[in-house]
Structure formats: C-alpha cells, structure tokens
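What follows is a set of notes on a single structure, which appears directly below.
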Amino acid sequence: MKRSFNASVLAIVLFTFLGGCAGHTPPQRLSTLTKNAAKSGPDLQASDAYLRARFCQELLLRFGVKSYDEGRPDAALINCLNDDSAGAYPRDAFSIALSGGGTRSASFSMGILKALNDAGMLEQADAISSVSGGGYTSYWLMSQRFYGSMYLAREKKGSGKGRKKGKRIYPANKMHYRKVLQDLDKPGIDVAATPFCEHVKEQAGTLKPIFLSRTDSDLLGKDAWQRHIASQSDIINYSQNAFVQRLETGGLAATHVVTTPIYWVTDGLFNFSAINGSVFTNAYRKGLERTYGLAPNAEHDAYVDYFDHDEKQYLNAMNGAFLRWREASRTEELHFKQLREFALAYNTCADALARTGVSVPPVSMPIINTKLSRPYSSFKDDKSFDMRSLEKSIFTFTPVQWGSAHTDYQHEEEMLAPIPFSKVVATSGAAVDEGARELRGVGDFAVAAVNMNLGYKVRNPKTQQSAAGTAWYWTYKLLGGFPLRYIVPEKHQATLRLSDGGHAENLGLYSLIERGTRRILVVDAEHDPDYEFESLKRIKANLKSQLNIELSCAKDGEPDNCPLAGNYMQNQGDGVFELKASGFPWQEDSTIIYVKLSVDERLVADNLPTADDGSVCLPSLAGLDQTASAYPCNVARYYESERHHNNAFPHNSTADVWYGETQYEAYRDLAYFLGVTRVNPLIQGWKAEVEREREQARKVVEGYRSQ
C-alpha cells in the first residue's frame, strides 16, 4: 500500500514538474561532424562552430579575458561564439595526457613532468588531461602553483639589520586572487607593473624547486616538495607508525561495517544520498589531499612528520574534520571557481607582460576525466544507448566548465552544488564502484550491497535549472529509491553517478583529440605487465569507429618501433614511440609522443656497485643527459629487489597504495630517465612552434576583445 502511494506521488510530480525543467541543447556532437566529413568532405565552418561552442571560454581564459560578468556572457565570449569565419578558431598547440594507474601512475607521471620542466616545455602545455592516478599528479601541480603563486613578499620599512616587515599586500588564502583581479581591473592601471604581475614575471620558468629531490644531489636543501610526497605516498594511513596504521585500518573497517546497514536504508531503499560513497571513500580522498594537495611553505625551514607538526609547515593544511587533533590531515577546500580566478589573474599578467616583450606562458588548463555511469531504467529513451561511446561516457571537469556531450556542459556558476577539486580527483580514481565497469547482475549488486563505492552522485544539470527542477530533485531523493528509480526515464534522473575515468578511456587522450590538439604527449602507466597496450589499442578502435579518426604509427616501415603495428620486445624497448592522429575534418595530423611505463633490462647492470661510485649505474640524477647508457642507481637497485616478485617493478599492482620513499623515487626517476634521454630530444623543436602558434591565437583573441 505504501509503495503504491509512493508511486502515485512520484508520477504526479514527474508529470507536473518536469515539463517546467529548464533544458539544455547540447552542441552538435563531434562524431556527427567527423562522420559527415568522411561522406561529403570537411565542413570547416561546422567544425569551427563545434570548437567555439565547446572551448571559447577556455581560449579566452588562456589570455586573461573574462567570459562572464556577474553571471552573464561577456562581450568577448559572445564575439567568439558568433565568429563565422571558417578555419579561424585556434587549436591547442601542445598538451599532456596522464593515464590512470593509481599511485604507480602518479609517481611515474611526476618524473615525466620533471623532465619536461627541465626542457622548458611543462609550462608551455595548454592543457593537462588526466585520469585516476595521473590526476593525482595534475592535482599536485595545480595546488603547488595555486598556493605558490600567492604574492607573499612583504613591504619593508627601514634598512639594514633593524628593518621591520610589514603586512602582506594580499592575504594568503583562497580570496587572494579575487582581490588581485579587483586591482588588475582598476581603470588606467599599468597591469604589467602591478606587484602581482612583477611576481608572475619573477616566478615564470622557476618550477624547478618543486621537482628537486635527494636523488638530484646529496647537497640539496630545498627539496621539501618531493620529500613530502616521498614520505607521505601511503595515501590510506595518516600515521607513519606501523602500530597506529593497524589501528587506523581497523577503525575504518569497523566504521564501515557499522554504517553499511544505515546505507541500505538511506541510499538503497530510499535515495537520500546520505552516505554518498563510503567510509573508505572519505579516507581515500583525505589521503590524496595529504599527499598531493598540501602545499609546503617555502619559508619554513624544517619539515617533520605529522605528530610533530608545525602549523607553518604548509600553506593550506587543516586539522581533521572529526578527529580534530589530527594536524594537517587534510587541505582547505579548493574549488574550480578559485582555480579559474587564479588562472584569470595569472594569465592577465602573462598577456600584459607579453605586450612588453616578456614571454610568460599561461597556466595549463587541468582536465579531469571521470566515467559517467548511465542509470538503470525500464525506459531507454535514448535510442542510441551505447556505453562504449566516449562522448556519452566521459564526463570532464575543468576550471571553466564540466559535463559531457551526453549531459551538456555547464559553467560552474550554474551548478547548485559545485564539487571541490580534490573530490573530483578522487572520483576520477574511483576504481571500485557500482556500475563502474557496467557489472550487470550479481557483481554490481554485490558492490552496492557492501557499499564499496568510491564514486559519487552529483546533481543532474538537466534537472536542476529551475524551481520545478529543485522540487523534482528533492522529491526524487525522498521517493526515488528502490524500485521506483528504475521506472524513471534516464533524462529525468535527478542525479548522475560518476566514477573512475579509466573505465571509459584510461589515457586521457580523448579529451585532447576532441580539442584538435596539434602536439600531444601521452604518459601510459597503467598496469600492463605483459605489455599488451590495451588502453592504446582500445582508444585506437574507438576513435576509428566513433570519430573516424585514425591513430597510427608516425613513421611507416618501422613496425618494431610502434606498438600499434609490430612486435614490442618486452623488457628490451625504450618505451617511447611516435604516433599520429589523422582524419580531422579541420586540420592536418596531430603529432603524438607516447611514453610507456617500461624497463629496458639492458640498462640495468648485472653487477650493481655497493657504493654510488658511478662505475656502473648513475649515482644520481645530477648531470643526466640524453647520452646516459644506464639507469640511476636507485632505479636499478629497486628493479633488482623486485625482479622475482609476481608483480615486479615497474608493473606493481594498482591496488598497492602503500608506497614508501624508495618505491616512489624508483618510479619517478625511471620516468625522468626516459624523459631526458628519449622524450626531450623528440620535442626539442616544439617550443618555438608552440610560442609562434600562441601568438597567432593571441591576435585572434585580441580581435574578440576589441570588437
């Protein structure tokens, strides 16, 4: 009787309110354009219209131009969207894709970024697209740049030994960049001469300190950033004490058992989302914040473990929300809105400095890829229901917008419940989740039954943009539980379920292909001990079938140097390949450098030295160049220690998240070796081309600004 009553109420609300929900008309899909181009030839105007509709806001942000003013489209954005000159929209010149793979991928990706930074290419990246573990590194880089770019210099009074330090010009908190923007917007101001822009000028090209480590040299004194990650790469446990770690794990398990029956009622029988995720979901997210989100304070001398914590050790640390005595156990909430304010302020200065002849690259756009798990429903109102579709299953987050081609893309101000940056990164790595791999039947039910969900539910943008939509959302929460939610058509579901982006596309490459990026560096550190190149071959097949874009070897006739065309000799390959993406209706081929997590046994000496004398392996990273013929000693030694394990280095299991200092450094320095010896020589001519194309794009944006 009660269930019948609930169903009746649900039906009344569905028909009464949904007609008033504000709808969104998605832009023409990329697959439509590429397939039409294959049949009737390229339509440059239609292609440009698609790119403008999707990426105008990102293009304007890159040059410090606001897209919205008090929630309304700014004139420059309107001009960009209305531009009808075919072939005029600037494509991204260079971007980086970081694959999934948990802590293994995060550690390996760190070494590649370190090598790119040495070559002056890291700051040149227009975007960094990441999935799961690759997102940990992207999260770390953006957090360090966000807090590290705060203007901390103090006004000084007097001179000599007795001079006094005044107050900071800007407060070191999340309001910082909002106040900077207010100063940069003052009429008649010389933007390039402002204190913040002077700080940006001094800071450009100086990311090296955050990559310094003890393996660079024995004499380093400013390696706090890498030292922090190396000592805190265990993303589950707060403490470094083995006994306390066992207590922590036991406490998490016990709490999970106690809360699971509550979850059955609130999120199973009903749809309250009272326990959105699980106990381990929260522990996982806080672990990511502690390891990759904390920003070390460069003005602090000594770095110590948590139990001897000094509040000045980090710029953004907070105590535990529940266990408040846990110092620096999490970070302050950082939203995409703050990231956008930072990028707008920084890029405004970069643009102003460029006009004075000083080259400062804009901040790279972080793109976090998640998987949209399509809800179960008895009514499949989408005739082309296809879970393999990248357009429908990849849900992305950037500081500008978030969404998918299936759900439409929303400006963050339009969202009633914006998601913090760390939560998005944790969602992108939510490997265990109901529906994550579309486990129909018993498998999916089992994951849900024990609430081992690392993913999250978010509000559906299509059902929230009106008072009626809000009423429907709360009605759906109250009455839309089992089994009623299964009779609601998909487009009227009030929530979306997001989980590990790797279950859709594990390289992060699609989001860059979609932008027509000209040069792409892909870092593939997924678990692949047999070197089957599964993710690479999967996206090759999907790009061809869904977008008619061909992913192939860059050089014909060299099959041994391309995993797509020939035989890769396991443990005897250099792990770096040249690929290309062709078939775009609007541009020539995209050049792709693909880096595979791999070890060449020929570079591991048979007899390792007992001391770092440099006789066989490299004693440190100092002085490493492209002529090096042996791995650094710490990499070689770790490889030897793991040689006889079932999941031997470098393909330790993704489930291993308890990294110590030695393991982290082995992955990072292996990647750095590959980056310096193989990647950097291949991209050495890219910087000049990227800077030239950026100047061309600047002129286009200047036209939008001045119209």
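Key figures for this structure:
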read-out	value
Failed condition for THR137, given (1) out of contact with any Ser or Thr (no Cβ under 9 Å at 6 or more places or on another chain); (2) closer than 30 Å to ARG668 by Cα; (3) modelled with pLDDT of 85 or more	(1)
Cβ-Cβ under 9 Å pairs, at least 6 apart or on other chains, segment 609-633 side open to solvent by 30 Å² or more (accessible area, probe 1.4 Å) and at pLDDT 85 or above, far side among the acidic types (Asp, Glu) and not in a loop (DSSP other than H, G, I, E, B)	none
First in segment 639-658 and touching a residue at least 60 places away in the same chain (Cβ under 8 Å), second anywhere and of a type in the set (Phe, Trp, Tyr) and open to solvent by less than 30 Å² (accessible area, probe 1.4 Å), Cβ under 7 Å, 6 or more apart	PRO650/TYR667
Candidates VAL700, VAL679 - the one that is crowded, with 21+ Cβ neighbours inside 10 Å and among the β-branched types (Val, Ile, Thr)	VAL679
In segment 545-564, residue most open to solvent (accessible area, probe 1.4 Å) [restricted to those that are at pLDDT 70 or above and in a loop (DSSP other than H, G, I, E, B)]	LYS555
Matching residues, segment 268-285, being touching a residue at least 12 places away in the same chain (Cβ under 8 Å) and either under 25 Å from ILE236 (Cα atoms) or among the hydroxyl-bearing types (Ser, Thr, Tyr) (or both)	SER273, ALA274, ILE275, ASN276, GLY277, SER278, VAL279, PHE280, THR281, ALA283, TYR284, ARG285
Residue match in segment 28-44 (condition: within 28 Å of the chain's Cα centre (by Cα) and at pLDDT below 70)	yes
Extreme residue, nearest to PRO361 (Cα to Cα), among residues of segment 682-693 that are open to solvent by 20 Å² or more (accessible area, probe 1.4 Å) and assigned to a helix (DSSP H, G or I)	GLU691
Inter-residue pairs, beta-carbon under 7 Å, first over 19 Å from GLU327 (Cα atoms) and hydroxyl-bearing (Ser, Thr, Tyr) and in segment 234-259, second modelled with pLDDT of 80 or more and not in a loop (DSSP other than H, G, I, E, B), 6+ apart	THR255/VAL279; THR259/VAL279
Counted residues, segment 201-241 - those being in a helix (DSSP H, G or I) and either open to solvent by 60 Å² or more (accessible area, probe 1.4 Å) or β-branched (Val, Ile, Thr) (or both)	6
All positions within segment 52-85 that are open to solvent by 50 Å² or more (accessible area, probe 1.4 Å), at positive phi and touching a residue at least 60 places away in the same chain (Cβ under 8 Å)	GLY71
Residue under evaluation LEU674, criteria (1) among the hydrophobic types (A, V, I, L, M, F, W, C); (2) under 23 Å from the mean Cα position of the chain (by Cα); (3) surrounded by fewer than 21 Cβ atoms within 10 Å (Cβ to Cβ), criterion not met	(3)
Qualifying residue in segment 643-662 (condition: open to solvent by less than 40 Å² (accessible area, probe 1.4 Å) and not in a loop (DSSP other than H, G, I, E, B))	no
Close pairs from segment 29-51: first open to solvent by 60 Å² or more (accessible area, probe 1.4 Å), partner assigned to a loop (DSSP other than H, G, I, E, B), Cβ under 6 Å, at least 6 apart	ARG29/ALA405; LYS35/ASN548; ALA38/ASN548; PRO42/PRO585; LEU44/ALA86; LEU44/GLY87; LEU44/TRP586; GLN45/ALA86
Qualifying residue in segment 595-603 (condition: at pLDDT 85 or above, assigned to a strand (DSSP E or B) and crowded, with 20+ Cβ neighbours inside 10 Å)	yes
Some residue of segment 667-675 being more than 16 Å from CYS633 (Cβ to Cβ) and hydroxyl-bearing (Ser, Thr, Tyr)	no
Neighbours by Cβ (under 6 Å, 6+ apart or cross-chain): first from segment 449-477, open to solvent by 30 Å² or more (accessible area, probe 1.4 Å) and part of a strand (DSSP E or B); second modelled with pLDDT under 80 and among the small types (Gly, Ala, Ser)	LYS457/SER273; ARG459/ALA417
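The values are calculated or read from the model by the stated rules, or taken from the named source; none is laboratory data. None of these values were measured; they are calculated from a predicted model. Please note: Cβ atoms are built from the backbone with ideal geometry, for glycine as well, and neighbour counts cover all protein chains shown. To get the accessible areas, we keep the full protein, side chains included, count just its heavy atoms, and leave off ligands, DNA and RNA. Shrake-Rupley method; radii C 1.70, N 1.55, O 1.52, S 1.80 Å.
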